[in-house]
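Asks: Quick one: the structure is below, and I'll ask about it shortly.
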Amino acid sequence: MKKYSILAIALLFMACGEADLYDELQVNTTSASSTEEGDEQALERFQYIAVIADPHIVLEDDLQARNLRAIGEVLTQLPVQLLGVFIAGDIVYNLPYHTIEEYHNDPNDRFDITEAILDEFPAPCYLCIGNHDLAIEKGVPRQMTEQLFMEHFGAAPYFSVDLGVWKFIILNNFHGPTQDPHHPDFDVQTGSLGQEQREWLKRQLNDGRPAILMSHFPPFIINDLSDIFEEYRHNIRLFLAGHSHGWANLSNHFGVPSLIVGTSQLDEDTFMIMELDNELKTWRIIDWERFHWGSAYSTPWDNSFIEPKE
C-alpha cells in the first residue's frame, strides 16, 4: 500500500524549518470540516468525533486487529456523521524491522495491516505516535517511524486538525531531550515536546479557539507541558492520552481536564464518542457510562446514547 510515500518523502525531507512544515500541514491537509455539505456542516451546533487508544496491531487476524475492525463497523452504523477518528498512539506493537527498506519490502507489515483496517472507517483517522511505534532505546531513529506514519496514514509527527469552531491538536511527546539517546536527560519513560514543538503549540493556541490536545503519554509523565497548560488553560478544554491502557479520569489535577483512554487491544467495545457544542464551546462524552474505570474494558455501544436533537 504505502499510499502516501511520495508525499512523505517531499514533506519529511524538504528543505524547510520544522515549525513551518507543521503549520503548512495544518492549513492544507487536515481540515476535517470540509464535508460534502460544505460550510453548512461546519456551522451545525453539534459535531461528533471518536477516540481510540493503543490498538497494538501485529497480525492481520489477531485479537487486536479484530477489535479494531469491529470498532470501525460500529462507527459506520452511528446515527451521526463523525468528523474524525482520533487514535492516541501505539498504533502497532513494537517494530519487527529496523530499516525503512525492510518495511518497503514487506507487502503486509503491521503498518500495512493497520492502514487497510482504517481505510474502512467511516471518517478520516488522525493518529499520534506511541512508544511501541518506535524503538528509540534500540537505536532506531524516530524519523523512520515518522516516515512510516506519513506513508501509511498521511500523519505528520505532530499536527493540528481544523474542526471548524474547534481545533484538535495531535502532539508528539518523543521530540524532546528525554527521548534523545545522546542527551543527558534521556529517559524512555519520560516524555517531552522539545522547544520547536512547544513554540509551534503556542502558535496554535494563540488564536483562542477551544482546543482538545492529544498525546500518547499522559500529562504526568511529560515534563515540559505544565507551563503551557497554565498559560492556555482557558482554551485548552481537554487533554487526551493513551499509554496506560486503562480508563482514567484525571480531572483537572494536571492543569486542564485530562482523560486516559482505555486500550482497544483487549476489548472491541473500548472507544469513546464525543459531542462538541459549537455554540457553547463545550464538550461531552456521550457514552461515559460504558467505561469500566481503571480497566481496559467497556460495555457495548448502543445508538440510544446519541439523543435526537430538536
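Laboratory data are not the source of any read-out in this text; all were calculated from the coordinates shown. The structure displayed is predicted, hence computed values, not measured ones. Don't worry about glycine lacking a Cβ; one is built from the backbone with ideal geometry, like all the others, and counts go over all protein chains shown.
Asks: Before anything else, pin down the relative contact order of the chain: Cα pairs under 8 Å, at least 6 apart, normalised by residue count, whole percent.
Replies: Once divided by the residue count of the chain, the mean separation gives 21 percent.
Asks: If you don't mind, there's one more thing I want to ask. Can you tell me how much longer the chain between Glu199 and Thr76 gets when fully stretched, taken as 0.36 nm per residue apart minus their C-alpha distance, in nm with one decimal?
Replies: Gain in length upon complete extension: 40.6 nm.
Asks: Also, I was wondering about something else. Return one quarter of the surface area of the convex hull spanned by the alpha-carbon atoms of the range 97-250, equal to its mean projected area, in nm².
Replies: Values: hull surface 39.9 nm².
The orientation-averaged projected area of the Cα hull of the range 97-250 comes to 10.0 nm².
Asks: In sequence order, what are the phi-derived ³J(HN,Hα) couplings for the range 255-261 according to the Karplus relation 6.51 cos²θ - 1.76 cosθ + 1.60 with θ = phi - 60°, rounded to whole Hz, with x for glycine and proline?
Replies: x, 9, x, 9, 9, 9, 8
Asks: While we're looking at this one, here's another question. Where does the chain land at 222 nm, in deg cm²/dmol rounded to the nearest 500, when only DSSP H runs of n ≥ 4 count, each adding -39500 (n - 2.57), divided by all residues?
Replies: Roughly -7500 deg cm²/dmol at 222 nm, from the helical runs in the chain.
Asks: What does the extension gain come out to for Glu44 and His182, with contour length at 0.36 nm per residue minus their alpha carbon separation?
Replies: Working: separation 138, 0.36 × 138 = 49.68 nm, distance 4.91 nm.
So the chain would gain 44.8 nm between Glu44 and His182.
Asks: Enumerate lysine pairs in the chain that are 8 or more residues apart or on different chains, then count those whose Cα atoms are under 24 Å apart.
Replies: Details: Lys167/Lys202; Lys167/Lys281; Lys167/Lys309; Lys202/Lys281; Lys281/Lys309.
Final tally of qualifying lysine pairs is 5.
Asks: In terms of modelled amide H atoms, which long-range or inter-chain residues lie less than 5 Å from the amide H of Asp90?
Replies: Amide H neighbours of Asp90, under 5 Å, 5+ apart: Gly130, Asn131, His132, Asp133.
Asks: Let me ask another. When the label point is put 7 Å from the Cα of Glu60 along its Cα-to-beta-carbon vector, which residues of the range 96-131 have a backbone N closer than 15 Å?
Replies: Residues 106-118 qualify, since their backbone N sits under 15 Å from the label point.
Asks: Restricting to the chain, what percent of DSSP beta bridges are antiparallel, rounded to 5?
Replies: Percent antiparallel among DSSP bridges in the chain is about 45.
Asks: Next up: Could you tell me the relative contact order of the range 103-170? Use alpha-carbon pairs under 8 Å, at least six residues apart, and round to a whole percent.
Replies: Reported as a whole number, the value is 25 percent.
Asks: Can you tell me the equivalent ellipsoid semi-axes for the chain? Use √(5λ) from the Cα gyration tensor, largest first, whole Å.
Replies: Ellipsoid half-lengths, sorted descending, are 27, 23, 20 Å.
Asks: Using a simple spin-label model with points 7 Å from Cα along the Cα→Cβ vector, what separation in nm is obtained for Ser251 and Val140?
Replies: It is 4.0 nm.
Asks: Kindly write out, for the range 66-75 in residue order, the coupling ³J(HN,Hα) from the Karplus curve 6.51 cos²θ - 1.76 cosθ + 1.60 (θ = phi - 60°), rounded to whole Hz, with x marking Gly and Pro.
Replies: Using θ = phi - 60°, the values come out as 5, 4, 5, 4, 4, 4, x, 5, 5, 4 Hz.
Asks: Right, next: In whole angstrom, note down how far apart the Cα centers of the range 60-86 and the range 168-217 are.
Replies: Comparing the Cα centres of the range 60-86 and the range 168-217, I get a distance of 28 Å.
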